[in-house]
Amino acid sequence: MLLFCLPAAYAEPEETAAAESAGSEPVVRVGMYIRTHADTRRLSSILTCGAGFEIGRSDGSGFLPMISVQSKRLVIVPLLDMQIDYADEYAAASLGGGNFGAWSVKNGQYGDYYSARSAGDFAAVTSKGFESRFGTFSTEAEARAHDTGRGISSPSGDCLAIIDADTQKIIMTYEDRTKPLALRGAGGALVSLPMVSFSGSRYIFEYPGFFEFTAKSGLLNMVNCLGLEEYTRCVMANEIGGDFTKETRRAFSILARTFALGKKHDRQGYDVCSRPDCCQCYYGVYRMGEENNEIVDSTRGLVCLYENEPITVLYTGANGGASCSSVAAWGGDEVPYLTSVFLENDEIEESARWETTFTRRELYEHLSRRSSFSVISDMDISMRVLARDPYGSSYITTLSVSDGAGNVVEINNSENVRMATGFSSANFDIEYTQDVEVLTSEGKVETRRITGVLTADGYKPFTGFDESYGSEEYGTVISPDKVTVRGVGSGHGVGFSATGSEKLSLDGYDFRYILGFYFKGTEVARLYQ
Ligand SMILES: [Zn+2]
């Protein structure tokens, strides 16, 4: 039987009056990272769409069409001297000394794209209109040699070139800095984009909506713009999958939708990014399935609000029965809906538990190579828990690590503890043990484990046999002393817990109750129909 701390206000949660103030579905702007944060901005992959592409401008949320092209593979690069490998769709372009030159010869202004293109090699789209151009020269001298008196155009790290990767011919240069370049699959077809994960695995994912491209000082920025419902379907497919109950997935769909409204990356010019370690996992339509799509449809437009504002969404796979407060995790002021909530339960599922045993040398090696503990220089390490979550969860908020040379490192806030130690969560206990061989009264040799005592003054180290075990009884020590770190949960542990939600839903609670349970004082409201 499950026991809950039941805030009275959530006994019968209901959709609120705000539900009726329906607006229209917003567009989500997802900042795309195809490799690492830095690389992706510098390099370009090859985008593929079997149906061909539409090229236009973006007004931030809408696609303003300009032309359609038959080309099925495009590479978009800053308008600079580039080496483009048209055979490698993952790493198509690099700067400098290359086979694409960014100098060209001006050939007059035209009223439309097609006239400008047919008068020269390609058209340049500028804020003033369409300019005909000749050549893609690598040097200014080459461009000047071809100048017919209308002048030459120089490279710019703030402009873009669109190149057909099959013909290796330039389609246009985009030099209008008033609006971003936009690209989408013809007829709403998905666009394929190669991606290299942090572990180096290569994928090609397909994306809905349209892409927006800008360049600044030679760095390329790519933003995928799509409806909030479609974005929620994409996130569901890879963040939670299909193994959870429908109520857990309904609750999660509302969180995935609400997350996008938090506009975490507003200052960078998009709402969320595609990195699972920063925002939510966004791999386009990869793994999308009918059942999860129906679940998203069943919560269409529903979001989680606190005092009529979208909440800061935080979720975790498992927290071990009590969520960590935001204050414990990151410090700062209390967030009323991110304090600790308890799901009392005798059986924490085994999958949420983790355990690591170190010899003293291994613990020294593990900690001393981590930057937070670089001052640790002696193997006689003592790890002590000085404080845990003031809101009552067992997440550690102050961890002290000292060594025999007198060096002491104190880590505050549970997320710093997790990052500094490299453990799965900051929700752990430390146990010191030693295996000894014992000669029993019957004359047999047995291995026994003795456990160190962890007190407010630290652990009682095994410098010799503990008197309390009776020294006469013990034989030879056959293994070095060990430290076992025994924890539960993974990640920050703040907010919604997927495994906790499973317990609640299996006990008959619906998604509204589950969200009210994890985010105290919030309400589920419908933003649009
Ligand atoms: Zn992000």
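The values are calculated or read from the model by the stated rules, or taken from the named source; none is laboratory data. Source: prediction; values computed, not measured. Cβ atoms come from the backbone with ideal geometry, glycine included; neighbour counts cover every protein chain shown. Surface accessibility is based on the protein's heavy atoms, side chains included, excluding ligands, DNA and RNA. Shrake-Rupley method; radii C 1.70, N 1.55, O 1.52, S 1.80 Å.
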Query raised in the report: In this structure, is G262 more than 22 Å from V494 (Cβ to Cβ), open to solvent by 20 Å² or more (accessible area, probe 1.4 Å), among the small types (G, A, S) and within 15 Å of the ligand (Cβ to nearest atom)?
Result: no
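Output the number of residues of segment 265-274 satisfying the condition of being open to solvent by less than 50 Å² (accessible area, probe 1.4 Å) and within 12 Å of the ligand (Cβ to nearest atom). So that I can check it myself, show each step before the final result.
We begin by selecting, within segment 265-274, every residue open to solvent by less than 50 Å² (accessible area, probe 1.4 Å); these are 265, 269-274.
Okay, now just the ones that are also within 12 Å of the ligand (Cβ to nearest atom), so 265, 270-274.
The number of residues fulfilling the criteria is 6.
Just a yes or no: is a residue in segment 286-293 free of Cβ contacts under 8 Å to residues at least 24 places away in the same chain and buried (at least 17 other Cβ atoms within 10 Å of the Cβ)? If you could, list the steps in order and put the result at the bottom.
Applying the first criterion (free of Cβ contacts under 8 Å to residues at least 24 places away in the same chain) to segment 286-293 yields 290.
Still in the list and also buried (at least 17 other Cβ atoms within 10 Å of the Cβ): none.
Looking through segment 286-293, none of the residues is free of Cβ contacts under 8 Å to residues at least 24 places away in the same chain and buried (at least 17 other Cβ atoms within 10 Å of the Cβ).
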Query raised in the report: Can you name the residue in segment 238-259 that is under 18 Å from the mean Cα position of the chain (by Cα) and open to solvent by 10 Å² or more (accessible area, probe 1.4 Å) and, of all such residues, is farthest from the ligand (Cβ to nearest atom)?
Result: G241
Requested in this report: Answer yes or no: is there a residue in segment 34-47 that is over 22 Å from A260 (Cβ atoms) and at pLDDT 80 or above.
Outcome: yes
**Report entry** Among the candidates E355, E362, residue that is open to solvent by 10 Å² or more (accessible area, probe 1.4 Å), in a helix (DSSP H, G or I) and more than 16 Å from the ligand (Cβ to nearest atom)
**Finding:** E362
Requested in this report: Taking only segment 208-233 into account, find how many residues are of a type in the set (V, I, T) and touching a Phe, Trp or Tyr at 6+ places or on another chain (Cβ under 6 Å).
Outcome: 1
Report summary line: Those residues of segment 111-152 that are more than 22 Å from T167 (Cβ to Cβ), open to solvent by 50 Å² or more (accessible area, probe 1.4 Å) and of a type outside the set (D, E) come to a total of 10
Report summary line: How many residues of segment 180-211 are modelled with pLDDT of 95 or more and either part of a loop (DSSP other than H, G, I, E, B) or among the charged types (D, E, K, R) (or both)? The answer is 7
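Please tell me if L181 is under 25 Å from T48 (Cβ atoms) and surrounded by fewer than 23 Cβ atoms within 10 Å (Cβ to Cβ).
Criteria not met by L181.
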Requested in this report: For segment 65-84, state whether one or more residues are part of a loop (DSSP other than H, G, I, E, B), among the small types (G, A, S), at pLDDT below 95 and surrounded by fewer than 23 Cβ atoms within 10 Å (Cβ to Cβ).
Outcome: no
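Identify, please: which residue in segment 85-106 is part of a loop (DSSP other than H, G, I, E, B) and surrounded by fewer than 16 Cβ atoms within 10 Å (Cβ to Cβ) and is, among those, modelled with the highest pLDDT? Working first, answer last.
Of segment 85-106, the ones part of a loop (DSSP other than H, G, I, E, B) are 85-92, 96-99, 101-102.
Okay, now just the ones that are also surrounded by fewer than 16 Cβ atoms within 10 Å (Cβ to Cβ), so 87-88, 96-97, 99.
Numbers: A87: 87, D88: 83, G96: 77, G97: 76, N99: 91.
Only one residue tops the list, namely N99.
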Report task. Return the pairs, sorted by first residue and then second, in which the second residue is within 16 Å of the ligand (Cβ to nearest atom) and open to solvent by 20 Å² or more (accessible area, probe 1.4 Å), the first residue lies in segment 242-270 and is under 19 Å from R287 (Cβ atoms) and touching a residue at least 60 places away in the same chain (Cβ under 8 Å), the beta carbons are less than 6 Å apart, and the residues are 6+ apart or on different chains. Result -> L255/Y315
Report task. Determine whether N308 is more than 9 Å from the ligand (Cβ to nearest atom), open to solvent by 10 Å² or more (accessible area, probe 1.4 Å), farther than 20 Å from Y518 by Cα and at pLDDT 95 or above. Result -> no
Query raised in the report: Quick check: is even one residue across segment 295-304 in a loop (DSSP other than H, G, I, E, B), among the small types (G, A, S) and more than 16 Å from the ligand (Cβ to nearest atom)?
Result: yes
